[in-house]
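Chemist: The structure's right below; bear with me while I get my questions together.
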Amino acid sequence: METVPKLGNNVPPKKDKLQGKKKKPRRYWEEETTQTAAGASPGPPRKRKRNRELRPQKPKNTHSTKKSRISKKPQVPKKPWERRSPGPQRSLSGAQDPFAGPAPVPVAVVQKFCRIDKSKKLPRSETKIRSRLEAAEAQEEEISVKAARSELLLAEEPGFLEGENGEDTAKICQADIVEAVDIASAAKHFDLNLRQFGPYRLNYSRTGRHLAFGGRRGHVAALDWVTKKLMCEINVMEAVRDIRFLHSEALLAVAQNRWLHIYDNQGIELHCIRRCDRITRLEFLPFHFLLATASETGFLTYLDVSVGKIVAALNARAGRLNIMTQNPYNAVIHLGHSNGTVSLWSPAMKEPLAKILCHRGAVRAVAVDSTGTHMATSGLDHQLKIFDLRGTFQPLSARTLPQGAGHLAFSQRGLLAAGTGDVVNIWAGQGKASPPSLEQPYLTHRLSGHVHGLQFCPFEDVLGVGHSGGITSMLAPGAAEPNFDGLESNPYRSRKQRQEWEVKALLEKVPAELICLDPRALAEVDVISLEQEKKERLERLGYDPGTKPPFQPKPKQKGRSSTASLVKRKRKVMDEEHRDKVRQSLEQQPQKQEKAKPMGARPSALDRFVR
Amino acid sequence: MKVKMLSRNPDSYVRETKLDLQRVPRNYDPTLHPFEVPREYVRALNATKLERVFAKPFLASLDGHRDGVSCLAKHPKSLATVLSGACDGEVRIWNLTKRKCIRMIQAHEGFVRGICTRFCGTSFFTVGDDKTVKQWKMDGPSYGEEEEPLHTILGKTVYTGIDHHWKEAVFATCGQQVDIWDEQRTSPICSMTWGFDSISSVKFNPIETFLLGSCASDRNIVLYDMRQATPLKKVILDMRTNTICWNPMEAFIFTAANEDYNLYTFDMRALDTPLMIHMDHVSAVLDVDYSPTGKDFVSASFDKSIRIFPVDKSRSREVYHTKRMQHVICVKWTSDSKYIMCGSDEMNIRLWKANASEKLGVLTSREKAATDYNQRLKEKFQHHPHIKRISRHRHLPKSIYSQIQEQRIMKEARRRKELNRIKHSKPGSVQRVSEKKKRVVAVVK
């Protein structure tokens, strides 16, 4: 910005001076202000001038802009300007601050942190409560702006892969990427050749530091995959269906042929849970400490691993369950069925929360992205579909694959990986919250065996693939969230930090009953209608205390309790009630008539002869 | 081909030496912090439970009086000093930090009816059943001197209460009339009456320092302006008021402790309806005192308990009782708003925390941040039924508990009767009177 005072000296007379009817006392800085408006300086001073021009015609204009400060959410960067006192701030030396006011914040970033839905109307309530709600909203808004400011402090940038002048990124093979990147990243690409123990399932721990895998023929191993340090390697001498880390890397749940077993990081069997038998798939809900298991017998069982109790065992009534995934946004379990539906479950309900018909023919794989807005499904009909999980569960896009995908996985930044036969395809979208576009794959890779398990590593640009030939860790630039939160899941945490985090996490274990489709529902204003309250009370008490019991005449002495007199007394009360009703309806009627009357002209004396 | 892989340098995430603090990078992105609301709810629930676990309000009992404690006074300059007068005419001065009596004076014959300190804290005044007003030095007599009052005023009638002006050398006593005295003179500057009754207490307004309020046994509360010779106005309630206390932050507001188990907060500009009726006691309320913040007040009752009320709520937020505490006669909220003192029939002065679960002593900054955070969470989720139930739960002695039940039944019966009366009389002949208006008999100007 140029220094203003220099230009200020040779200025033609101001416009507003001509316009104003009543001449205002001129301030010493006024000359410069109008000048800046005339010159090519940025927005705010110009806006002020416009306001002043409009004022005689529309005095409301300025008022409304000031009043709707809160509702004008998207214009956050402008806000500091609007709020500023009239006239640019000048220091004693006469120099003007070129960056006056708080730093502007990009709107998109603020939107990310915004927790309130502006489109929802506040419930009708007392003014006192209403003002309190409004104050709370304003505060939330301020907080989101502050959080958006702190975005500046994030250290890492996400990865990317771009082809040069129209080069198809899908044609770039892993070897090229490995050659192009630094040594540390290149070391993240590796193959474990384990043909002997057959197709592998794998799981990364929540920090993305550890990898556990289990082969069909009983081989179970866990390792720190970054340093390639083996934690344990055992053979359970039984088929392994699925494997999953519990809340930390120290505990490992393995779904074996018969029962569910839990091992520690040295391979020592800690528990054998016989109440969960013939498990096909495992999911762990880290904030609820629940291990969800889907079994061949058709049961979805929730096991609380912090106390070792089964919280709920739900019969899905859909035969063998072998497709399961969790929605990381709301901890709802998605089950895929052979009739083409996906059902959504929470432990609090015996029935599914929702059922979505996704495919003609059986569902083969389901995956949900980290924001909980998109679900990808693939079926026997060779279709790959993406559904919107907010509201109506409508398909957003669909694509027919030549073979159909048997395994799907979403990355933290919204990349979708699909395993079809021995090929892995990865699709990318525009950003984190947008669905991946299925037109052109972002990356493809052919493996040495058929895919059996897929997972993106959290906080690393790596996709782990378990297949019949072993384990492949392939590079997928741009897959992971670059900046982790140290208090939530820290890949570099020490043992002490892990222990402390464990205590904290256990203290704030969310009860299983709170799992529902909208996890923010708990913070919303409860507008339980009177009807519903009444209904609940009726259920609880078995009768409605509001309704009057039928009148029962009191027994009287000295022969006055004869049947005839009882009937008479009953009649009397009934009549009284009837009269009340009539009286009430009569009271309402004249109001209507009075309203209707004044429509006509003045009544004349001759009206009485009109028929 | 342009490619960039996410590659972190571990050195910028791991501490260099063992003596360093661990590095904790933060990212406030909501997708990295799922289940924000349920987790906050669980934290709030835990905080509420811990609050009840740590709610141990009783701090100390100061024993030494040989008869029931009839009045208490705070020292205006020293937080640790408290004065108390007993029913046998003895006045004691206590040091709260040592929890010891530092001085005792046989001030009167019979009851010490009232005690108040001068605003500068150098002397204090007592009135007793022996028809005298005495002024004492706050410091004890030096070696060899006798314990003697600075001044003694012999009156004609018994004085039942005393209060000192907040800024000037003027004090007011009450008995058969309200007398205003200059400290230098032995006869009152002016004495004000309105009818014939015995006045039980008189209080100066701490903000509008010329205003006084008194309450008398013929059920009225009278307001005076010191600059005039006559009273301003009075309000007559259903039953007798024992004491009043002015709000130290809002000049117009005062609270009256009534015999009908309730407390009434009035705006002195509109006396015809009380701002709020505070009900929870199950026996006559004997004393009331405001916290220096003006947001809460504490009341002492004949039902052997003290209760803390927010000014704008009709129900108490806290009730304190012990097995040994008998009828509580007087109560004071200390000037740092942290403690409450109460004097009771069985000769003890008890010291309580004003906030039952507060941790005393110096807090580290992390502790302070944690308590602030928990407080905010509790506020945020206070209306959730599970949390509300836990935070509202108080253990009560059986006598109080059963009386509450009994009074609830009585109240319900009264309400039912009123409804029936309206139902069975000619429509419009019986008017419904609001609960607040019902309690005020008349306002006289």
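Chemist: Which value, in Å³ per residue, describes the convex hull spanned by the Cα atoms of segment B:197-330?
Modeler: Convex hull volume per residue, Cα atoms: 95 Å³.
Chemist: Calculate, for the protein assembly as shown, the solvent-accessible area per residue in square angstrom, rolling a 1.4 angstrom probe over the heavy atoms of the protein chains.
Modeler: With the other protein chains kept in place, the protein assembly as shown gives 55 Å² per residue.
Chemist: Then there's this: For segment B:1-115, what class follows from the C-alpha gyration tensor (a ≥ b ≥ c being the square roots of its eigenvalues): rounded when a/c is under 1.5, otherwise prolate if a/b is larger than b/c, else oblate?
Modeler: Prolate, since a/c reaches 1.5 and a/b exceeds b/c.
Chemist: Now for a separate question. Is there a quick way to get the dipole size of segment B:263-341? I mean about its Cα centre, with the Cβ of Lys and Arg at +1 and of Asp and Glu at -1; what is the value in debye to the nearest 20?
Modeler: Magnitude of the dipole: close to 320 debye.
Chemist: Starting from the 7 Å offset along Cα-to-Cβ, what nm value, one decimal, do you get for the label separation of A:Lys570 and B:Ala442?
Modeler: 5.4
Chemist: Hey, how many Å between the Cα centroid of segment B:124-142 and the Cα centroid of segment B:192-235?
Modeler: 24
Chemist: Averaging over every viewing direction, what projected area does the convex hull of the Cα atoms of segment A:468-531 cover, in nm²?
Modeler: Taking the Cα atoms of segment A:468-531, their convex hull projects to 9.7 nm² on average.
Chemist: May I pose another question? Would you please give the FRET efficiency between A:Ser604 and B:Val433, computed as 1/(1 + (r/R0)^6) with r the Cβ-Cβ distance and R0 = 45 Å, to the nearest 0.05?
Modeler: E(calc), rounded to 0.05, equals 0.35.
Chemist: Sticking with this structure for a sec: I'd like to know which of B:Thr173, B:Tyr401, B:Trp246 lies farthest towards the positive end of the charge dipole of chain B, counting +1 on Cβ of Lys and Arg and -1 on Cβ of Asp and Glu.
Modeler: B:Tyr401
Chemist: I would also like to ask the following. So the label point goes 7 Å from the Cα of A:Ala313 along Cα→C-beta, right? Which residues of segment A:254-284 then have their backbone N under 14 Å from it?
Modeler: Those under the cut-off are A:259-260, A:273-279.
Chemist: Two-decimal Rg/Rh of segment A:331-480 from alpha-carbon positions, Kirkwood Rh?
Modeler: Across segment A:331-480, the Cα-based Rg/Rh ratio is 0.95.
Chemist: Hey, which aspartates and glutamates would be in cross-link range of A:Lys432, C-alpha to C-alpha under 13 Å, not counting anything within fewer than 8 residues on its own chain?
Modeler: A:Asp369, A:Glu481, B:Asp29
Chemist: Between segment B:14-59 and segment A:401-457, what's the alpha-carbon centroid distance in Å?
Modeler: Cα centres, segment B:14-59 to segment A:401-457: 37 Å.
Chemist: Can you run phi through the Karplus equation (6.51, -1.76, 1.60; θ = phi - 60°) for segment A:351-362 and list ³J(HN,Hα) in whole Hz, with x for Gly and Pro?
Modeler: Karplus values, whole Hz, x for Gly and Pro: 9, x, 5, 7, 10, 10, 7, 9, 9, 8, x, 5.
Chemist: Let me ask something else about it. Would you kindly calculate the translational diffusion coefficient of the protein assembly as shown, applying Stokes-Einstein with the Kirkwood radius from alpha carbon pairs, for 20 °C and a viscosity of 1.002 mPa s, and quote it in µm² s⁻¹ without decimals?
Modeler: 58
Chemist: Right, here's the next one. Shape call for segment B:333-406 from the C-alpha gyration tensor, a ≥ b ≥ c root eigenvalues: rounded (a/c under 1.5), prolate (a/b greater than b/c) or oblate?
Modeler: It comes out oblate by the Cα gyration axes.
Chemist: Report, as an integer, the average count of C-beta atoms from other chains found within 10 Å of each Cβ along A:484-495.
Modeler: Other-chain Cβ atoms within 10 Å of each residue's Cβ, averaged: 5.
Chemist: Let me ask something else about it. What does segment B:236-282 give for Rg and for Dmax, in Å, if only its C-alpha atoms count?
Modeler: 10.2, 30
Chemist: Across segment A:464-590, how large is the tail of the calculated P(r) beyond 17 Å, expressed as a percent of all Cα pairs?
Modeler: When every Cα pair of segment A:464-590 is considered, 83 percent fall beyond 17 Å.
Chemist: Using 0.36 nm per residue of separation minus the Cα-Cα distance, give me the extension gain between B:Leu50 and B:Arg324 in nm, one decimal.
Modeler: 96.0 nm
Chemist: For segment A:267-339, taking Cα atoms only, what is the radius of gyration to one decimal and the Dmax to the nearest whole Å?
Modeler: Rg then Dmax for segment A:267-339, in Å: 12.2, 40.
Chemist: In segment A:258-375, if the dipole is taken from +1 on Lys/Arg beta carbons and -1 on Asp/Glu beta carbons about the Cα centre, which of A:His334, A:Thr293, A:Val363 is farthest to the positive end?
Modeler: Working it through, the farthest residue towards the positive pole turns out to be A:Val363.
Chemist: Each residue of segment A:452-458 in turn: what ³J(HN,Hα) in whole Hz from Karplus with 6.51, -1.76, 1.60 and θ = phi - 60°, glycine and Pro shown as x?
Modeler: 10, x, 9, 7, 7, 7, x
Chemist: At 0.36 nm per residue, and after removing the present C-alpha to C-alpha distance, how many nm does the segment from A:Lys171 to A:Asp224 gain when stretched out fully?
Modeler: Value of the extension gain: 16.0 nm.
Chemist: Once you wrap a convex hull around the alpha carbon atoms of segment A:250-382, what is its projected area averaged over all directions, in nm²?
Modeler: With the hull built on Cα positions only, its mean projection is 8.1 nm².
Chemist: Within 10 Å, count the other beta carbons around each residue, average over each peptide in A:221-232, A:498-509, B:161-172, and list them highest first.
Modeler: Descending packing order for the listed peptides: B:161-172, A:221-232, A:498-509.
Chemist: For segment B:156-251, what is the relative contact order in percent, using Cα pairs closer than 8 Å and at least 6 residues apart in sequence?
Modeler: Taking the mean separation of contacting Cα pairs over the length of segment B:156-251, I get 21 percent.
Chemist: Rounding to the nearest 20 debye, state how big the charge dipole of the protein assembly as shown is about its Cα centre with +1 on each Lys and Arg Cβ and -1 on each Asp and Glu Cβ.
Modeler: Dipole magnitude for the protein assembly as shown comes out near 5040 debye.
Chemist: Based on the Cβ-Cβ distance of A:Tyr543 and A:Glu508, what FRET efficiency does E = 1/(1 + (r/R0)^6) give at R0 = 60 Å, to the nearest 0.05?
Modeler: Once rounded, the FRET efficiency stands at 0.90.
Chemist: Another question, if that's okay. Give the relative contact order (percent, whole number) for chain B; include only Cα pairs under 8 Å separated by 6+ residues.
Modeler: Contact order relative to length: 13 percent.
Chemist: Over segment B:278-361, how many pairs of lysines fall under 23 Å by alpha carbon, counting only those 8 or more apart in sequence or from different chains?
Modeler: 19
Chemist: Measuring from label point to label point, each 7 Å out along Cα→Cβ, what is the B:Asp67 to A:Cys232 span in nm?
Modeler: 7.9
Chemist: Quickly work out the A:Lys350-to-A:Asn257 label distance, labels modelled 7 Å from Cα along the C-beta direction, and quote it in nm with one decimal.
Modeler: 3.6
Chemist: Taking the convex hull of the Cα atoms, report for segment A:234-274 its projected area averaged over all directions, in nm².
Modeler: Result: a mean projected hull area of 2.6 nm².
Chemist: Explain nothing, just the number: dipole magnitude of segment B:322-363 about its Cα centre with +1 on each Lys and Arg Cβ and -1 on each Asp and Glu Cβ, in debye rounded to the nearest 20.
Modeler: 120
Chemist: Which shape class, rounded, prolate or oblate, goes with segment A:306-386 when its Cα gyration tensor gives a ≥ b ≥ c as root eigenvalues, a/c under 1.5 marks rounded, and past that a/b bigger than b/c marks prolate?
Modeler: Note, shape of segment A:306-386 comes out oblate.
Chemist: Using the Kirkwood formula on the Cα atoms of segment A:400-556, what hydrodynamic radius do you get, in angstrom to one decimal?
Modeler: This gives a value of 20.8 Å.
Chemist: Hey, what's the per residue convex hull volume over the C-alpha atoms of segment B:86-191, in cubic angstrom?
Modeler: 107
Chemist: What share of Cα pairs, in percent, lie more than 34 angstrom apart in chain B?
Modeler: The proportion of pairs with Cα distances above 34 Å equals 43 percent.
The values are calculated or read from the model by the stated rules, or taken from the named source; none is laboratory data. On a predicted model such as this, the values are computed, not experimentally measured, just so you know. Positions of Cβ are backbone-derived with ideal geometry, glycine not excepted, and every protein chain shown enters the neighbour counts. All accessible areas refer to the heavy atoms of the entire protein, side chains included, with ligands and DNA or RNA removed. Shrake-Rupley method; radii C 1.70, N 1.55, O 1.52, S 1.80 Å.
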